[in-house]
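Reading through the structure tokens given below for one structure.
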């Protein structure tokens with residue numbers, strides 16, 4: 001609890017005569033004391049606390065949202081009896097009832113539909129702020145967010161697609177925008193965890209088909225974004241190579257990369273650019289922690305890029321978690337990765353599973369990254385967990401903090 005030194009007398013035999021032997025420790029007992037001190041240190045944990053990805057997901061599933069008790073026409077002044085709380089927690093929290101009562105609805109809301117940040121009027125506040133200059137800022141969106149979250153001066157928007165999004169395709173009457181667009185693959189297809197390296201036939205064929213559909217959507221959405229007039233649409237790919245019980249040995253990992261190349265070769269890459277993202281050591285799938293075996297080790301990533309020609313997405317949070325897990329220096333790891341990077345996911349990280357934290361709430365030193373982002377003219381997509389809430393407040397807070405760090 002703050003002690004810098006613990007003193008303990010040592011003896012070779014506690015039965016020897018003299019005043020100190022009986023109260024001293026023999027070597028075996030001394031070793032147990034050191035072991036127990038280390039256990040206490042580990043039990044005390046990190047000086048900062050954070051919600052793990054699994055806890056965040058459970059909070060959404062088990063949490064409550066404010067929902068409408070009746071159909072509410074546009075232009076209605078909301079009263080307390082028009083709202084109640086129900087699971088899941090995808091909408092605004094019931095704690096915000098006082099903020100919602102008295103608001104005039106800007107849209108039609110159906111009975112049992114969740115109230116969201118737009119209904120609080122927060123979205124326009126973020127969109128009206130000026131963005132810091134000097135970097136190509138991007139945020140993470142869904143199809144319905146374009147007119148509520150996206151600031152007109154953003155350089156890029158990235159659609160994180162679910163299986164439902166990809167099955168539905170480009171929405172009807174989808175508008176045109178000045179930004180560049182990026183598409184991020186879904187992680188699941190129904191109850192299948194997508195994996196381009198697996199030897200399981202159904203999973204592998206499903207994954208390849210999903211990636212083919214992702215590229216097709218990229219070609220369809222490209223004309224809607226002026227930023228892609230002379231650029232392909234970036235596709236963010238998670239290669240796979242997951243283990244459920246324990247990680248693979250290092251010398252057995254390269255065949256995963258070879259199978260990934262075979263899977264990526266199935267994609268028609270006309271007007272799209274395939275980029276593979278680096279992974280955290282302990283991803284969260286199906287409500288439990290798994291192990292990554294792909295796109296963590298710097299030397300294997302470098303070999304993959306050299307032999308395949310594909311570029312990478314560098315996720316700062318994933319990188320920090322892997323470096324903490326492997327006991328290597330984060331800045332040195334970033335310096336090795338940056339020559340192969342064509343797109344950035346930026347959020348803070350802590351420990352081995354504190355993923356997607358707000359800038360300044362983890363342990364990453366972001367200062368060195370700013371130079372590379374500017375020199376390589378990279379898009380900096382702020383990927384803060386739940387950053388879309390309240391009109392993208394988490395995304396824009398991250399942009400402001402990064403701009404301050406990078407000067």
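Every read-out reported here was derived from the displayed coordinates using simple, explicitly stated rules and does not represent laboratory data. Given the structure is predicted, the values throughout are model-derived calculations rather than measurements. Cβ placement follows ideal geometry from the backbone for every residue including glycine, while neighbour counts extend to all protein chains displayed.
Computed from the C-beta positions of residue 329 and residue 262 and an R0 of 25 Å, the FRET efficiency is 0.15 to the nearest 0.05. Using the Stokes-Einstein relation with a Kirkwood hydrodynamic radius computed over Cα pairs, the translational diffusion coefficient of the stretch 1-116 at 37 °C and a viscosity of 0.692 mPa s comes to 167 µm²/s. The calculated FRET efficiency for the pair residue 62 and residue 164, based on their C-beta separation and a Förster distance of 22 Å, comes to about 0.55.
Figure legend: label point modelled 7 angstrom from the Cα of residue 44 along Cα→Cβ; residues of the stretch 1-33 with amide N under 16 Å from it are 1-7. Nearest 10 degrees is fine. How inclined is helix 298-308 to the longest principal axis of the chain, computing both from alpha carbons? Once rounded, one gets 40 degrees. Quick one: helix 316-326 against the long Cα principal axis of the chain, what's the angle to the nearest 10°, folded into 0 to 90? Roughly 20 degrees between the two axes. Look at where the Cα atoms of the stretch 295-338 and of the stretch 211-279 average out, and the two centres are 16 Å apart.
Could you list the residues of the stretch 322-361 with an amide nitrogen less than 16 Å from a label point located 7 Å from the Cα of residue 376 in the Cα-to-C-beta direction? From the stretch 322-361, the list is 330-347. Once you treat every alpha carbon in the chain as an equal point and sum by Debye, what is log10 I(q)/I(0) at q = 0.11, 0.12 Å⁻¹? Log10 I(q)/I(0), no solvent term: -0.89, -1.03.
Return, ordered by residue number, the residues of the stretch 34-73 whose backbone nitrogen is under 13 Å from a label point located 7 Å along Cα→Cβ of residue 85. Output list for this probe position: 62-67. From least to most packed, judged by other beta carbons within 10 angstrom and beginning with the fewest, 225, 395, 304 follow the order 225, 304, 395. D for the stretch 53-116, whole µm²/s, Stokes-Einstein with Kirkwood Rh over alpha-carbon pairs at 10 °C and 1.306 mPa s: what number? Using the Kirkwood radius from Cα pairs, D works out to 134 µm²/s. Label-to-label distance, residue 269 versus residue 37, with points set 7 angstrom from Cα along the beta-carbon direction: 5.5 nm. The mean sequence distance of close C-alpha pairs (under 8 Å, at least 6 residues apart), as a share of the length of the stretch 165-215, puts its relative contact order at 31 percent. For the stretch 302-407, the relative contact order is 24 percent, taking Cα pairs closer than 8 Å that sit 6 or more residues apart in sequence and dividing their mean separation by the residue count. Angle, helix 27-44 long axis vs. longest principal axis of the chain, Cα atoms, 0 to 90°, nearest 10? For helix 27-44, the angle is close to 20 degrees. Computed from the Cα positions only, the extents of the stretch 161-272 along the three principal axes stand at 47, 28, 20 Å, in decreasing order. Taking every DSSP bridge with both residues inside the chain, close to 30 percent are antiparallel.
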